[in-house]
Amino acid sequence: MNVLKFGGTSVGSVESIRTLISILQREKAENGSPVVVLSAMGGVTNLLVSMADKAATGQDFSQDLRDLENRHFDVVKALLEVPRQNPVFTKLKLFFNEIEDLLQGVSSLNELTARTRDRILSYGERCSTLMLSRIAEQYIGDSVFADASQFIKTDSNFGNAKVQTEVTDLLVRGFYEENRDKLIFVTGFIGSNDAGSITTLGRGGSDYTAAIVGAALNVSAIEIWTDVNGMMTADPRIVKKAFPLTELSYTEAMELSYFGAKVIYPPTMIPAFLKKIPIVIRNTFEPDFKGTVISHEAKSSEHSVKGISSINDISVINLTGSGMVGKAGFSGRLFSLLAREQINVVLITQSSSEHSITFAVNPADAFKSKQLIEHEFELELEAKKIENPVIEEGLSVLAIVGENMKETPGIAGTLFHALGRNGVNVRAIAQGSSEYNISVIISRHDLAKALNAVHDAFYTDLKKTLNIFCVGTGNIGKTLFRQLEEHREFLKQQNGILINVIGISNSKKMVFNPEGLSLQNWEETLNASEEIASLEKFVLKMKELNLPNAVFVDNTASPAPIAKYAEILSSTISVVTCNKIGNSSSYAQYKAFKDAAHKHGVDFFYETNVGAGLPIIRTLKDLMMSGDRVVRIEAILSGTISFIFNNFKGDVTFHDVVKTAQEKGYTEPDPRDDLSGTDFMRKILILARDAGHELEPEDVKIGAILPKACMEATSVEDFYEQLKANNYFFEKLKNDAESSGKVLRYIGKLENGQATISLEMVDENHPFYMLSGSDNIISFTTDRYKERPLVVKGPGAGAEVTAAGVFADIVNVGA
Ligand code: ADP
Ligand code: ASP
Ligand code: MG
């Protein structure tokens, strides 16, 4: 025989009750009649709490009472045959009248005692269980309603009563013997004290009822039926990638639930553990799923960390002072004081110098704890042996749990790395002496981010999620979104990487979706957005959302986003940018970005600043990191100029080549922006800096391509006229080159810390001789690549390759 407990959502609606009945029918057929333990209908306990509070403060509760009645009556009407309805209505009505009387009493006395409160709350379970027992009678057969207060005996600690096991066991067995031929429905959550007053076992306590009854009857299994597929690796409401665990030991389940996994109430494990009865957590809404088995036989799993749990809201109390040093019994006195006053201490850490003790309590207990300590240690405080206790609020606990943890080194390292990389500050650390658990106290603001980051870190076979925020929806931005959308599935399947675009902004509008924006219709979504673009707000929003693995992607060519990089990096958000203005302005700024990224453990990637998607920055970095020394870099890094000189041969004039380049869209609106060499200068400057030279823009010597008159022309039209007028100058260059078997190339160079760009003639032995189209080329001469330099060559401009470079940078974040 088994005990089956169904939680609030399982009795929350007509539909779920139908499912519940079918689960019971199957159970009866397979294992014989079970004992069924029920919670109140979903939300009803909270409603009763709020009604009681309203009554105590003189507010009107009549509407709530009607809602409560209707919820139950609707179920009765939907599921019971008409002749069976009336007796149930009558019984329920009696309960509702009692609730109303109690609330009236509370209201007129203006006082709500813990005892009355428990009494009021007990009606949630009593109503649902009564109703369900009648429904089961119709669908399954002989059923009996059991008010657990007649056999679960407790102390008088209302709200969180302790069970008296021995008498309870006897009474439970007695009740069972009298009714064993029937399907028994027991109210969860409630018991009674010696005086017969109703008590409750603590919120979530119906699970405990099931274990108490199960242990008393020596059942084969205690099944906890809820609304998820078992105990999950983390709270599924916060961690979308959480998955159900197949097996757990009692200790693991206890630790996980103690540290917040609400799916099972911690004390539930004790009776089951003592009687070696397995607890199975199962999903009413997926009844064929096997769920989680908690037992002695739990096998160790492939993951050293079984689960990650969290308590959202915790307060920490700090106690410091020299008076604690070497004083045996100080902490004994402190914690017995708190225990005596029924204050639950969630976690304790003490510095090894014994100079301070930090402990965490429920926020509702924080102030009381402080007062108690101040009272108890009055003399020590007066003598300045200790300082007044200090309360810190707005904190959460995150705990990693697993029995295998103690055999696996590096667990703490992985935990702290994941937290550190995401900018989560750890306020205090505690490791249970069993080493089954490491808990950290962090700011509540960081909890969701921390849970997701830590989950990703321990379940590495799962997909890594990057949360990206993009500014700029021009050619590159658009292309990037298309590429991300096209490769989404592939990345997920092949590389285990999931890229969610959380925010998009252009110069007019911005839009956010913390779950990820669809890239199929991002343009419509952005246009329809009500939010006016503001870089300030965009950055604020990124910080507020506080997502793990967050990346800011700058696809603009504007100086505005650059002003935000340092702030973004300091908020532990990585930056990927194709915008080269940032790295090619002052050296101090370039250095500041690098330092901020380093300090906060995030990435700052800008591969596309030089040669679009070609692996130039990365190659240089790899060379440097592997201890090679760069002797010389030579490069053609302007696709426009490359195109112009590659085609300036034979009969064509310089004027015509530039015109063609412009018509093909290879140049800026004013081709002089390319031909002046400024853009090229930026690239060679970035390379020089990455190679370790502290250069400023004015340190790069740029040799002119154009005669003065062309540069000084007042308009683009005038400029073309000047190209024609100066034709002889260009013809001479071309003829000089051709007559000596050479070609013209505009080459950037870095050697001996000097950066230059100049127009040169090279012969067929030079690696740049054969360049064609608008390709870029770069050659690294290093200690290792001395005889034959390392050459990277290929298309160095265009939206497609640039976006691909940005894409690659994004994927590499956190790698
Ligand atoms: P019931 O009403 O059935 O007792 P609860 O609401 O008490 O259900 O507990 C189930 C809920 O616990 C789930 O819906 C889930 O949101 C939450 N939960 C928190 N942490 C975990 C976890 N680690 N595994 C499974 N569920 C969890
Ligand atoms: N109904 C009670 C509560 O909401 C007990 C339970 O559901 O386990 O806390
Ligand atoms: Mg519960």
Within region 246-264, restricting to residues that are open to solvent by 40 Å² or more (accessible area, probe 1.4 Å) and in a loop (DSSP other than H, G, I, E, B), the one that is nearest to Gly8 (Cα to Cα) is Lys262
Mind listing just one residue for me: the one in region 517-554 that is without any contact (Cβ under 8 Å) to a residue 24 or more places away in the chain and in a loop (DSSP other than H, G, I, E, B) and, of those, most open to solvent (accessible area, probe 1.4 Å)? Glu530
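Return yes or no: is Ala234 away from ligand 3 (no atom under 16 Å from the Cβ), crowded, with 23+ Cβ neighbours inside 10 Å and either under 18 Å from Asn160 (Cα atoms) or not aromatic (Phe, Trp, Tyr) (or both)? Working first, answer last.
Numbers: away from ligand 3 (no atom under 16 Å from the Cβ): yes; crowded, with 23+ Cβ neighbours inside 10 Å: yes; either under 18 Å from Asn160 (Cα atoms) or not aromatic (Phe, Trp, Tyr) (or both): yes.
Yes, satisfied.
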Just to be sure before I move on: is Lys659 of a type outside the set (Gly, Ala, Ser), touching a helix residue (DSSP H, G or I) at 6+ places or on another chain (Cβ under 8 Å) and within 19 Å of Asp775 (Cα to Cα) in the structure I sent? yes
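Any residue that is at pLDDT 95 or above, more than 16 Å from ligand 2 (Cβ to nearest atom) and under 21 Å from Ser249 (Cα atoms) - is there at least one of those in region 167-180? Steps first, please.
So the first thing to find is which residues in region 167-180 are at pLDDT 95 or above, and the list is 167-179.
Subset that is more than 16 Å from ligand 2 (Cβ to nearest atom): 167-179.
Retained after the next criterion (residues that are under 21 Å from Ser249 (Cα atoms)): none.
Within region 167-180 (the criterion being at pLDDT 95 or above, more than 16 Å from ligand 2 (Cβ to nearest atom) and under 21 Å from Ser249 (Cα atoms)), the answer is no, since none of the residues qualifies.
So for region 454-461 (the condition being surrounded by fewer than 16 Cβ atoms within 10 Å (Cβ to Cβ) and over 20 Å from Ile568 (Cα atoms)), does at least one residue qualify?
Yes, region 454-461 has at least one match.
Return the total of residues in region 208-228 being closer than 30 Å to Val305 by Cα, assigned to a helix (DSSP H, G or I) and more than 16 Å from ligand 2 (Cβ to nearest atom).
Residues of region 208-228 closer than 30 Å to Val305 by Cα: 208-212, 214-215, 220-228.
Imposing the further condition that a residue be assigned to a helix (DSSP H, G or I) reduces the set to 208-212, 214-215.
When the remaining residues are screened for being more than 16 Å from ligand 2 (Cβ to nearest atom), the result is 215.
Selection size over region 208-228: 1.
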Among the residues listed as Ile468, Ile504, the single one being farther than 30 Å from Phe259 by Cα, free of Cβ contacts under 8 Å to residues at least 60 places away in the same chain and either part of a strand (DSSP E or B) or open to solvent by less than 70 Å² (accessible area, probe 1.4 Å) (or both): Ile504
From the list Ser33, Ser10, Ser62, Ser39, exactly one residue is crowded, with 19+ Cβ neighbours inside 10 Å and more than 16 Å from ligand 1 (Cβ to nearest atom). Which is it? Ser33
Working only within region 417-443, note down all residues that are surrounded by fewer than 17 Cβ atoms within 10 Å (Cβ to Cβ), in contact with a strand residue (DSSP E or B) (Cβ under 9 Å, 6 or more places away or on another chain) and part of a helix (DSSP H, G or I). Gly420
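Any residue in region 139-146 that is away from ligand 1 (no atom under 16 Å from the Cβ) and within 39 Å of the chain's Cα centre (by Cα)? Walk me through how you get there before you give the answer.
Taking region 139-146 as the starting set, the residues that turn out to be away from ligand 1 (no atom under 16 Å from the Cβ) are 139-146.
Imposing the further condition that a residue be within 39 Å of the chain's Cα centre (by Cα) reduces the set to none.
So far as region 139-146 goes, no, none of its residues is away from ligand 1 (no atom under 16 Å from the Cβ) and within 39 Å of the chain's Cα centre (by Cα).
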Give just the number: which of (1) more than 21 Å from the chain's Cα centre (by Cα); (2) modelled with pLDDT of 95 or more; (3) more than 16 Å from Gly472 (Cβ to Cβ) does Trp522 not satisfy? (3)
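Which residues, taken from region 371-409, are of a type in the set (Ser, Thr, Tyr) and either farther than 25 Å from Gln431 by Cβ or open to solvent by less than 10 Å² (accessible area, probe 1.4 Å) (or both)? Quick ask: steps written out before the conclusion?
Start the filter on region 371-409 by keeping residues that are of a type in the set (Ser, Thr, Tyr), which leaves 396, 408.
Hit for region 371-409 is Ser396, nothing else.
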Restricted to region 654-668 and to residues being open to solvent by less than 60 Å² (accessible area, probe 1.4 Å) and in contact (Cβ under 8 Å) with a residue 40 or more places away in the chain, the residue nearest to Lys683 (Cα to Cα) is Val658
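Of Asp651, Asp736, Asp679, which residue is of a type in the set (D, E, K, R), assigned to a loop (DSSP other than H, G, I, E, B) and open to solvent by 20 Å² or more (accessible area, probe 1.4 Å)? Full working, then the answer.
On the way: Asp736 fails: assigned to a loop (DSSP other than H, G, I, E, B); Asp679 fails: assigned to a loop (DSSP other than H, G, I, E, B).
Step by step, each of Asp651, Asp736, Asp679 is checked, and only Asp651 is of a type in the set (D, E, K, R), assigned to a loop (DSSP other than H, G, I, E, B) and open to solvent by 20 Å² or more (accessible area, probe 1.4 Å).
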Within region 246-275, how many residues turn out to be over 13 Å from Ala211 (Cα atoms), within 16 Å of ligand 2 (Cβ to nearest atom) and of a type in the set (Val, Ile, Thr)? 1
For region 198-207, state whether one or more residues are part of a helix (DSSP H, G or I) and within 16 Å of ligand 1 (Cβ to nearest atom). yes
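Would you confirm, using the coordinates I've provided, whether Ala210 is in contact (Cβ under 8 Å) with a residue 60 or more places away in the chain and away from ligand 3 (no atom under 16 Å from the Cβ)?
Values: in contact (Cβ under 8 Å) with a residue 60 or more places away in the chain: yes; away from ligand 3 (no atom under 16 Å from the Cβ): no.
Considered against the rule, which asks whether it is in contact (Cβ under 8 Å) with a residue 60 or more places away in the chain and away from ligand 3 (no atom under 16 Å from the Cβ), Ala210 comes out as no.
If only one of Ile222, Ile281, Ile264 is under 30 Å from Leu171 (Cβ atoms), of a type in the set (Val, Ile, Thr) and away from ligand 1 (no atom under 12 Å from the Cβ), which one is it? Even if it seems obvious, please write down each step before you answer.
Working: Ile281 fails: away from ligand 1 (no atom under 12 Å from the Cβ); Ile264 fails: away from ligand 1 (no atom under 12 Å from the Cβ).
Checking each option against the conditions leaves just Ile222.
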Scan region 229-245 and give yes if some residue there is of a type outside the set (Lys, Arg), in a strand (DSSP E or B) and either away from ligand 2 (no atom under 13 Å from the Cβ) or touching a Ser or Thr at 6+ places or on another chain (Cβ under 9 Å) (or both), otherwise no. yes
Within region 66-125, work out how many residues are open to solvent by 40 Å² or more (accessible area, probe 1.4 Å), under 46 Å from the mean Cα position of the chain (by Cα) and among the small types (Gly, Ala, Ser). 2
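The values are calculated or read from the model by the stated rules, or taken from the named source; none is laboratory data. Note that the coordinates shown come from a computational prediction; the quantities given were computed from them, not determined experimentally. Here the Cβ is made from the backbone with ideal geometry for all residues, glycine too, and neighbour counts use every protein chain on show. All accessible areas refer to the heavy atoms of the entire protein, side chains included, with ligands and DNA or RNA removed. Shrake-Rupley method; radii C 1.70, N 1.55, O 1.52, S 1.80 Å.
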